[in-house]
């Protein structure tokens, strides 16, 4: 019998060998695919908002009483269990992203492309992998550390994937990756216009500063944020409310954003706009992740950040849209809003042009302030802090006065409060409360069922423990 | 010159006159029928030969010569011995078959007003389960002897005149001579790696030597919903919804003002449905000479479905000719062309754009009766209190159309050499093109039902197949006792398909502009994919018959397929069957009541290769693009996202079959008992894998499961001979099947049956039938807050009036560990009853079908988000004043998957009742017409079911989530009148 008759190559799908050898853009597209994971539903959308915002004191579940968003009610009132779906989504989405980064980092060295590009791509993938692990370690503590493409037919790879590294080991890996990124990446201004949105040296330094802040390596935080400030790459956008509009995407304040494309073919952060849109009469979404009353009250009088962050029902938005007074919930997240009349869109509400801001310059200043204060340099801290407050005044006088207290504990509280109102709904609040060691205290004051020693970490997803045959260990208390 | 012949036809058995015997001058349409006493009279040309025939009796031919009186004795048909069935690559006498083969004649199928033959097969054959869909143009799901696979595709293989295919909707039922169902491995192993789900062989009609025969069969009629679910009216709905809100917040404003809510009372089901219409016309011309035979047929079928806008039509043409070049050498062809057109109802190609119109049924079920179809100003009604679309608007804004053109044919040559060897070469071709589009206009009904930018999605799918079969068959008898038949063959096949799809936005809303060019070029997207599959096979079969007493069949197929990696490419599929015809044993002959008694046993291996080509290769996923730059320009993203098993192989089914066939009472009672046991190993399974591997769907396809189906089949048929113009027949058949997933190597159970609201309902787990419902067990209702407080194991937020769920493991928490298996959609027993009689010129027939022991899930009732409509039966719900123990309180919470929504799937249905009247021959012969019959028929006129939903026939998209009623097009009833004319 003729063997060749049965030898049919795959139709319309490239094999890895052919792809790597014949596609000139293979290297870049491998890394682009890592970025692309960040727009997926299970990465940075509903579940991620659930654990970073709804579980925090900044947001409530929202929506209608009967619509739980599968488990967002449980996240809101701390009744979640390891089986709650959001954890498995976040876990799975991030490991998918890590796998793509590993594909890139495993294959890039062998590809014959020019070294400058290769080094930059290695830097980008390293940054992204570090960011993914940073999210995981903040949410779950130590997690399995996968730094190579894992082979499902390899017993040792299976085994390795079922053992949790310690949080310290994960942080060490993150730092290694970020140092690689810092060494290999260009500054934001050195990128071609067409590559705007790729991670830069400044982004890598900012993330390393943030990672160091979580480990209380204050000298590192201060050094890196000083470098970013001194780099001249970034500045504060004068109008806080405009930060969330299309016009400010990748703008002067932007350090790292997830890029959304709102024209055909759409590549936006899936469901990010729709799941947080106003619900009910004349609404545009499901109405989840709504600003809490506690957050609304946290703003000082005259703080432009309140109106920049919170949509109140019955008000008119910047583009003229009127939010019905009969909307289901009293408040919605303005930072997730996309204008259909004044911004690029094609009617697709699932994938919009909204860029999700991950790192921006105001946070560099706040980290700088926090580190300086922790290191006893209160004057330096106040300088950075007051720059952020100054912008928040929006040009008004007599509101948000410059802070002057140099008492370390007072200043610490002031910086923390400033972080909250400046960075609300930017996916940090829950982690900040835990990092600051006051989560139990804050939640208790709100009457939430937060259990100290347990809820500082989210549970390892039950399906993953099951898949590991029980080898993956659960966090304490679950 | 003509001469008058008279005579009498009597039964050889008892000498009684036989009425209604057809007396025909051979080669003509001239003829008559005997009267009540068996007498006949006829003018015949000289040299004529008379044919005497009657169902149940052996036909006879008598040359007239110069006789004027011809008396004839007809013997009881020893039908059971002479019946011939179609087996793979040939035919066999039924008595020689050592496996399980069932045959249904075409005329039995054509009696039912259905699109495809498999729909009419329901209730006819034991071991064959047919699950119908009500949607126009849809193929039913066919399961032969249970579901033997999880993901590999459980449909049987179809072979139409030797062409292997997957879909038989292109075949006009009127063109079918017989459908033969091969059920056990002894019968199917000759089809090797594709035979595990059973094989359905379809043989189309051919011309017969003689004068041209023209027939017309046609019917017209209506279709109506078989069942309506009684929904709440506005008053009940408003009261319920208000109550639900107040439980959550006693001071909340009432969502529905009781004073005004009842002003509108919309019957949404009525608003989206209509009386359907159906018609079918089939015309055929056939005939032949010694040198050639021909058959030409044309058919036209249309159905307007009960869902407004859903319709389907099909035109079929067929030309089956055979040319006898020399007595030993024949050439022939079977050609068929089918063109179909459908609106709002799907093509079979999942790659093409498809419709979401069927969800209108669910939306009609859920939409509030307080909402008008249209407001006074003409706009569509909606309520912002729920997320349900206005189903009338949904249908109005849904544009979906598909067309298909399919050519299928085979060309063959048949050469007999040395009288004992027959060489056959058959080249089959199939070309199938379909096209479909969806157009989504700009509209705004409500915030939840709107579309801001119009879009046209269009797709083309083309496939081509050739299949070349070459066989040689040797047939000989030695010493008058040893009959040997040996078949050897080689088969090669190539299949190629290609799917192209494209879309643009900003296309104008008139249907004459539904072309891509009218859209905005800058929004254009397109994609193309395809596959090529090749196969090579060697087949062999030996039949041995000793004295019609001992039978042996051995078959084997050596199959090679491009779908598998080189090291797993070739497979060997053997089978062996033995039979013992006890009734032919000299020591038993005449000493038992049996006219025929045969025992048979078979064993064999078959395979299932329904898996996408190249599934064993790592490939690069494309389209993982990401926008960079100020203009959000996409840059290509590609990487490996999907883990694969490099050693994938086909599924293997090993089966044993033990049967007993018998005939009693002068062959009037025939029957068959069969036990079967088949086990599928290496069943494809998406093995869940730790998320750390980063697989895109958290699992990879591998051969990891084992499934067993075992059961009993039994069939009994009684057919009496005509006396006094009356004859009747009754048949019953029944199947008991037990399905079980036996093993999954290292894998976890698969949860499926998601309702889109966070709840899933089925689990496929070891020890259970595939796709078993896995839910919480309700245990009454909490009556008081005190009772709630005193119960540890409860769902978060439980209030009085909510269900209590059984804490199966007693750990004080209601979680997945407390779910229980409560049955599956797979029936434990199904049976059919067929019967009919003819009395003089009247004929009557009926088919009944029943299905027992399976479960269905009321998905539309369980898929709530808040303020959807409820069924009228919810009037009896729990309230503080009405302490129900079965119906929970009003609530807007997402319903928890529980036994409350699991209902019995058992049903009994009168599939068909037909009453016909044939005009007396004397009357019609004067009109130069040989036969005129009028009939009325009712399809699905009566259904008795336990399920409270629309239909218990719920095939689902795959065996893992079958049996859930959600967005289901219900099975309908039809009432039709028809006409058969023969010239």
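Taking every Cα-Cα distance in region B:30-123 and sorting them into 10 Å bins starting at zero, the pair-distance distribution P(r) comes out as 12, 29, 27, 23, 9, 0 percent.
Measuring between their Cα centroids, region B:798-823 and region A:372-419 lie 53 Å from each other. Taken residue by residue and averaged, Cβ atoms of other chains lying within 10 Å of the Cβ of B:693-705 number 4.
Potential lengthening of the chain between residue B:518 and residue B:885 amounts to 126.1 nm, from the contour at 0.36 nm per residue minus the alpha-carbon distance. Between residue A:187 and residue A:341, what's the calculated FRET efficiency when r is the beta-carbon distance and R0 is 45 Å? Round to 0.05. In this case the efficiency is close to 0.80. The mean number of partner chain beta-carbon atoms within 10 angstrom of a residue's beta-carbon across peptide A:95-107 is 4. Once the mean of 1/r is taken over each pair of separate Cα atoms and inverted, region B:2-77 shows a Kirkwood hydrodynamic radius of 12.1 Å.
Legend: mean number of C-beta atoms from other chains within 10 angstrom of residue C-beta atoms, peptide A:255-261, equals 3.
Residue exposure proxy: A:350, B:774, ordered by other Cβ atoms within 10 angstrom of their Cβ from fewest to most, comes out as A:350, B:774.
Which of the three applies to region B:188-292, rounded, prolate or oblate, going by the alpha-carbon gyration tensor with a ≥ b ≥ c and a/c under 1.5 meaning rounded? Show your work: numbers first, answer last.
On the way: a/c = 8.94, a/b = 2.52, b/c = 3.55.
The shape class here is oblate.
Label separation (residue A:169 vs residue B:647): 2.9 nm, computed from points 7 Å beyond Cα along the C-beta direction.
The separation of region A:425-453 from region B:859-921, counted between C-alpha centres, amounts to 46 Å.
With respect to chain A, whose longest principal axis is taken over its alpha-carbon atoms, helix A:26-37 is tilted by about 40°. All Cα-Cα distances of region B:75-222, cut into 5 Å bins from zero to the largest, leave 2, 9, 18, 21, 20, 14, 9, 5, 2, 0, 0 percent in each bin in turn. In units of the rule-of-thumb radius 2.2 N^0.38 Å, chain B shows an alpha carbon radius of gyration of 1.03.
The angle separating the long axis of helix B:234-248 from the principal Cα axis of greatest extent in chain B is about 50 degrees.
Working from the Cα coordinates of region B:622-694, the gyration tensor eigenvalues give, after taking √(5λ), semi-axes of 59, 18, 9 Å in decreasing order.
For region B:444-590, compute Rg over Rh where Rg is the Cα radius of gyration and Rh is the Kirkwood radius from the inverse mean 1/r over Cα pairs.
Value, to two decimals: 1.37.
If you model region B:764-982 as an ellipsoid using its alpha carbon gyration tensor, with each semi-axis the square root of five times an eigenvalue, the axes come out at 51, 19, 13 Å, biggest first.
What is the distance in Å between the Cα centres of region B:94-170 and region A:94-161? Between the Cα centres of region B:94-170 and region A:94-161 lies a distance of 51 Å. Considered as an equivalent ellipsoid built on the Cα gyration tensor, the protein assembly as shown has semi-axes of 69, 35, 29 Å, the largest given first. Stokes-Einstein, applied to the Kirkwood radius of region A:85-207 over Cα pairs at a viscosity of 1.306 mPa s and 10 °C, places its translational diffusion at 105 µm² s⁻¹.
The share of Cα pairs per 10 Å bin across region B:390-446, counted from zero up to the longest distance, runs 16, 23, 16, 14, 12, 9, 7, 2 percent. Using the Cβ-Cβ distance between residue B:484 and residue B:66 with R0 set to 51 Å, the FRET efficiency works out to roughly 0.65.
As a proxy for reagent exposure, ranking B:693, A:127, A:132 by other Cβ atoms within 10 Å from fewest up yields B:693, A:132, A:127.
What does DSSP give for the protein assembly as shown in terms of the percent of beta bridges that are antiparallel, rounded to the nearest 5? Close to 95 percent. For region A:311-445, taking Cα atoms only, Rg and Dmax work out to 18.1, 52 Å respectively. Based on the alpha carbons, how large is the Rg to Rh ratio for region B:356-456 when Rh follows Kirkwood? Here Rg/Rh amounts to 1.46. Which angle between 0 and 90 degrees, to the nearest 10, do you get for helix A:85-107 versus the longest principal axis of chain A when only C-alpha atoms count? The answer is roughly 50 degrees. With the simple model of a label 7 Å out from the Cα in the direction of the Cβ, residue A:24 to residue B:421 spans 6.2 nm.
Neighbour counting of Cβ atoms within 10 Å sorts the residues B:679, A:129, B:318, fewest neighbours leading, into B:679, B:318, A:129. Here the scattering of chain A is modelled by Debye summation over its C-alpha atoms, one equal scatterer each and no solvent; at q = 0.12 Å⁻¹ the log10 of I(q)/I(0) is -1.12. Label-to-label distance, residue A:318 versus residue B:908, with points set 7 angstrom from Cα along the beta-carbon direction: 7.0 nm. For region B:941-983, a Kirkwood hydrodynamic radius built from all Cα pairs, placed in the Stokes-Einstein relation at 4 °C and 1.567 mPa s, yields a translational diffusion coefficient of 98 µm²/s. Only DSSP H runs of four or more residues enter the estimate; each adds -39500 (n - 2.57), and after division by the residues of chain B the mean residue ellipticity at 222 nm equals -1500 deg cm²/dmol. When you count the other C-beta atoms within 10 angstrom of each residue and take the mean per peptide, B:413-426, B:934-947 line up highest first as B:934-947, B:413-426. So for region B:127-188, considering every pair of alpha-carbon atoms, how many percent are separated by more than 13 Å? Of all Cα-Cα distances in region B:127-188, 71 percent exceed 13 Å.
Where a number appears in this text, it was derived from the coordinates with a stated rule and is not lab data. For clarity, every value in this text was computed on a predicted model and none was experimentally measured. Quick reminder, even Gly has a Cβ in these numbers, built from the backbone with ideal geometry, and neighbours come from all protein chains shown.
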